[in-house]
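Q: This structure is in structure tokens; I'll ask about it shortly.
The values are calculated or read from the model by the stated rules, or taken from the named source; none is laboratory data. Everything numeric in this text was worked out from a predicted model, so none of it was measured. As a convention, Cβ positions derive from the backbone with ideal geometry for all residues, glycine included, and neighbour counts pool all protein chains shown.
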């Protein structure tokens, strides 16, 4: 038979299990950020290496580091880094630590390696260097900081699952060496998940111009009863088309040729004249939001309501479980033995 302190310990243990389960269920939410970028490899290439006998590397380039040096007809040496990005990760910035003493007013740049791959290693022949592109994708200028680092802002660079960059000298006299890069060299940011409704085309606003024009034309045409034989007068216009917008009351002009044959007809009585169709009222209310925005707002409201209801239910279950344990009932409904 369990003692009173033993019963209390069992109840507290059970309550702790329930609380831990509730907290764990709330912590596991959809849309958690993907893993950060993983460092893949790095390397650098030396124009002085013709592929037969490799010249000694500069003394300030550490093992695994990068060598960057300008030359008269192209880079004398340049490095490269490659990273794998997570499913919803975007590159934000790249930071390399300078080794040794760089040349004054150092200027470097980063260009995309379209293939996304290269051979890792130091002091490799320039003939085996990867092809980089500084034309179709604009080169990113590096910023040399007072803390001895070179930073590249990659926030405007469109990247996929693999990011590979060549680190190049900007001028013929620029030279620097860097420490060995790793996963911490690349800072990422969460990518924005596109709304499922964003791909649906927006519903165009109804075009009322043709409807208004047709209504106005019908109104002008129905202002006179053609079945009664009445002929409207269009003022000084020579056109007899009823679609002309300029109408005047039937009348005789004081200046006319008495020798001309004039045929007069009696205008239709007001009772026979069909009333003009009222012009469609203008839409004075603000245009309704597009359907995708309305659906997104409804989904957000529904999700928020579901979250609140779920939280209240979890809280109620937690209090019920704690009350049961205080009264001496176990997790499966039985009473705890005394």
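Q: May I ask you to list pairs of residues, at least six apart or on different chains, whose Cβ atoms are under 8 Å apart, with the first in the range 57-70 being touching a residue at least 40 places away in the same chain (Cβ under 8 Å) and at positive phi and the second being surrounded by fewer than 20 Cβ atoms within 10 Å (Cβ to Cβ) and assigned to a loop (DSSP other than H, G, I, E, B)?
A: 64/180
Q: Please count how many residues of the range 41-55 are more than 7 Å from residue 125 (Cα to Cα) and assigned to a loop (DSSP other than H, G, I, E, B).
A: 5
Q: If I filter the range 117-138 down to residues being under 31 Å from the mean Cα position of the chain (by Cα) and surrounded by 18 or more Cβ atoms within 10 Å (Cβ to Cβ), which single residue comes out as nearest to residue 175 (Cα to Cα)?
A: This residue is 132.
Q: Then there's this: Test residue 180 against the criterion of being over 23 Å from residue 106 (Cα atoms), modelled with pLDDT of 55 or more and surrounded by 15 or more Cβ atoms within 10 Å (Cβ to Cβ), and give yes or no.
A: Spelling it out, it is not the case that residue 180 is over 23 Å from residue 106 (Cα atoms), modelled with pLDDT of 55 or more and surrounded by 15 or more Cβ atoms within 10 Å (Cβ to Cβ).
Q: Something else: So, in the range 89-102, how many residues would count as being assigned to a loop (DSSP other than H, G, I, E, B) and either within 38 Å of the chain's Cα centre (by Cα) or surrounded by 15 or more Cβ atoms within 10 Å (Cβ to Cβ) (or both)?
A: Matching residues across the range 89-102 total 2.
Q: Please specify each residue of the range 191-200 satisfying the condition of being exposed (fewer than 14 other Cβ atoms within 10 Å of the Cβ) and modelled with pLDDT of 50 or more.
A: Selection gives 192, 193.
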